[in-house]
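Throughout, read-outs are computed from the coordinates displayed, never taken from laboratory work. Just so it is clear, the structure is predicted and the values come from calculations on it, not from any experiment. Here the Cβ positions follow ideal geometry from the backbone for every residue, glycine too, while neighbour counts run over all protein chains shown.
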Amino acid sequence: MSKRVVPIFLFNIVAFLSLCVLPAWSITDRVSVKDFGAVGDGKTDDTAAVQAAVDALGKAGGTVEFPLGTYVIGMVNIREGLILQGHGAVIKKKDNAGKWSRTFTTQAPDYRYSGDELSRPLVIRGLTFDGNRLAQGPYTKYELEQAHMIFLNADSSKPGRLQAIVEDCFFHDCVADAVSVYSNVSLKMSNCTAVNVFRGALVVTGGYSDIQVNNLSAGGDVHVTGIDVEVDSAGYNRSFKVDLQLNNLDLAGDFDIAIRDGSTVTGNNIRSSGSPFNLYAVDSSVRISNSTFGVGMYSGQGNRIIYPQDVTFSNCTFYAVRGDKDTGNKFAPLHIYWNIGKEARGGQRLKLQGCDFKIGKGIKADDVTYAVYAEADNVERDNRIIMRDCSIEAGYKYGVWLNLGGNLSLSNVDMEADTALYLGSTTGYFFNVLVDDISLGKGVKTYASIPYSGPENTVTHRGVELDAGCNVLASNTGLAKNTYRGGRIIRGSMPPEKTPGLLGDICRLNNPVAGQTYEWICTASSHSAAVWKPLMAAGQ
């Protein structure tokens, strides 16, 4: 049987003679907010009663019970060692609560954890949080961006973290964050749902934190909810590092992660059906597997991967999708910026292992679609896209687009895009491309578009065979000046007269005739009529 707070009547001679009784409270490990005057009728302001229940437990901690009902709350200070437990109870933000009305918060000095070790758990479970957004005033221009439902942080001058557990909770109609994580927090969030939450189901803004999220569903018809990690405040020892583990997430809204300072992200079974999709990973590591991402319109402001220092997607599927607010006609599920502004970073790796690129909802026939689009990069910085065992389905206008220079490695890629490769370059921005065992589908119209030529550009082919019908090359200035290594095997039914080719290519007849030449080698590259030298006759 659970313990409860019970009144103890203290008597003394004076009180007895005056017939006066003074009530007090015996503090045990479990209280009910109703014992402190909470009504739970959805109308009465229960803030003071809930705060009194929390304070009755003191720093020793214990369980605060919320019996069935709707509790109107402005802001309640909470601390480590507490369990806030509901049984179908609703926590409703009071009307016009204000910008800084964090419904449950650990921020206040007398409540904020400060220590050298991991704190005792703060547990919030089994509660529904109603943000009451229609009664809060204007918020869509971030007027109320601090009015979170749960706000977690600890003293960043100490190495200890606040240990928090949020489980089996439902958040809806919030004007800021459902769960907001600041600095020095160790959070486990599981089995939660967020609907119509303006800023995000989970928002992480402070460093020196680690977060585990399991079984999170987020969506909505007014605010399509997702997650947002933008670490712009330091934790202990001025650290911006965060470690995130994301498992089984179903997000109708944004997948927005910006990390640095050696942070790590591991994700498995993430389903993000709508944009924006943003990943900023400077000096950080990201490993995401078995996941699906719908990515909207190509943009210089969103749907981008920036500084992918050490990023790997394994067995993931990327869809180009048109969002409700997308008005443009360019779409790229992976849009990569190796560098922004004057900052030049090198040695970055974006690895795609066993990934598929598909056309999703709303994409029109005249839209310009790229499976992978990489912005300008100097080849000497040794940043590289590595694609292995991937597929790009028909419907994409371009498979892989290097806008101006960069390093690219393709291995065992099934390609159905109209143009398999676009390799752009200019002075100072050259490319180094390795194509190893690429398979071209019947829908491929152009093998490669290489607008400009220069000896610093290098293309290496290994184990590449293609039908003559796919052997279309495009260029503005010719292909002769580029450096070519290896070569492709081009299979056709006719000798190579006016046939495009790259230096070292082999043209081979499908049906050789005994005694007649059936193989030729390209000795001078051209996108229109390469020079071919007879190599071997059938039967030799």
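Suppose R0 equals 60 Å; then what is the FRET efficiency for His87 and Glu380 from their Cβ-Cβ distance, rounded to the nearest 0.05? Could the numbers behind the result be given before it?
On the way: r = 63 Å, r/R0 = 1.05.
Between His87 and Glu380 the formula returns 0.45.
What percentages, rounded to whole numbers, describe P(r) for the range 445-540 computed over all alpha carbon pairs with 10 Å bin width beginning at zero?
Going from the shortest bin to the longest, the percentages are 18, 51, 25, 6, 0.
With a cut-off of at most 12 other beta carbons within 10 Å, and DSSP calling the residue loop, which trypsin sites (Lys or Arg not before Pro) in the range 339-420 qualify? Please list them.
Sites meeting the loop and neighbour criteria: Lys342, Lys361, Lys364.
Which entries in the list Lys364/Lys442; Lys325/Lys442; Lys99/Lys358 go over 31 Å, if you measure between the two C-alpha atoms of each? All intermediate terms of the calculation are to be shown ahead of the outcome.
Values: Lys364/Lys442 21 Å; Lys325/Lys442 34 Å; Lys99/Lys358 42 Å.
Flagged as over cut-off: Lys325/Lys442; Lys99/Lys358.
What is the extension gain from Gln107 to Val368, computed as 0.36 nm multiplied by their sequence separation minus the C-alpha to C-alpha distance, in nm to one decimal? Numbers along the way, then the final one.
Details: separation 261, 0.36 × 261 = 93.96 nm, distance 4.84 nm.
Using 0.36 nm per residue and subtracting the Cα-Cα distance, I get 89.1 nm.
Which far-off residues, 5 or more places away or on another chain, put their amide H under 5 Å from the one on Tyr396, with H placed in the peptide plane?
Asp418
Can you list the residues, at least 5 places off or on another chain, whose amide H is less than 5 Å from the amide H of Ser190, using H built in the peptide plane?
Val166, Glu167, Asp168, Asn214
Pairwise over distinct Cα atoms, reciprocal of the mean inverse distance: report the Kirkwood radius of the range 274-449 in Å, one decimal place.
15.9
How high is the relative contact order of the range 274-449, given as a whole-number percent (alpha carbon pairs under 8 Å, six or more residues apart)? Numbers along the way, then the final one.
On the way: 539 pairs, mean separation 29.3, N = 176.
The normalised contact order for the range 274-449 reaches 17 percent.
Rounded, prolate or oblate: which fits the range 112-204, taking a ≥ b ≥ c as square roots of the Cα gyration tensor eigenvalues, rounded meaning a/c under 1.5, else prolate when a/b beats b/c?
Oblate, because a/c is 1.5 or more while a/b does not exceed b/c.
Taking the alpha-carbon centroid of each part, what is the distance from the range 512-529 to the range 104-137 in angstrom?
The range 512-529 and the range 104-137 have Cα centres separated by 73 Å.
Can you pull out the GluC sites (Glu not before Pro) in the range 415-518 that DSSP calls coil and that have at most 10 other Cβ atoms within 10 Å?
Numbers: sites: Glu416, Glu456, Glu465, Glu497; in loops: Glu416, Glu456, Glu497.
Passing both the DSSP loop test and the Cβ count: Glu497.
Describe numerically, in nm with one decimal, the distance between label points set 7 Å from Cα along Cα→Cβ at Asn215 and at Lys498.
6.7
If you take mean projected area of the Cα convex hull in nm² from the coordinates, which of (i) 25.2; (ii) 31.3; (iii) 29.1 do you get?
Step by step, mean projected area of the Cα convex hull in nm² for this structure corresponds to label (ii).
In nm, to one decimal, how far is the modelled label at Asn290 from the one at Ala60, with both set 7 Å along Cα→Cβ?
Placing both labels 7 Å along Cα→Cβ, they lie 4.5 nm apart.
By how many degrees, between 0 and 90 and to the nearest 10, does the Cα long axis of helix 47-57 differ from the longest principal axis of the chain?
On a 0 to 90 degree scale, this one is about 80.
Sorted by packing (mean other beta-carbon atoms within 10 Å per residue), highest first, where do 252-261, 128-137 land?
Result, highest mean Cβ count within 10 Å first: 252-261, 128-137.
What number, in percent, do you get for the relative contact order of the range 32-258 if the mean sequence gap of Cα pairs under 8 Å and at least 6 apart is divided by its residue count?
Averaging sequence separation for qualifying contacts and normalising by length gives 14 percent for the range 32-258.
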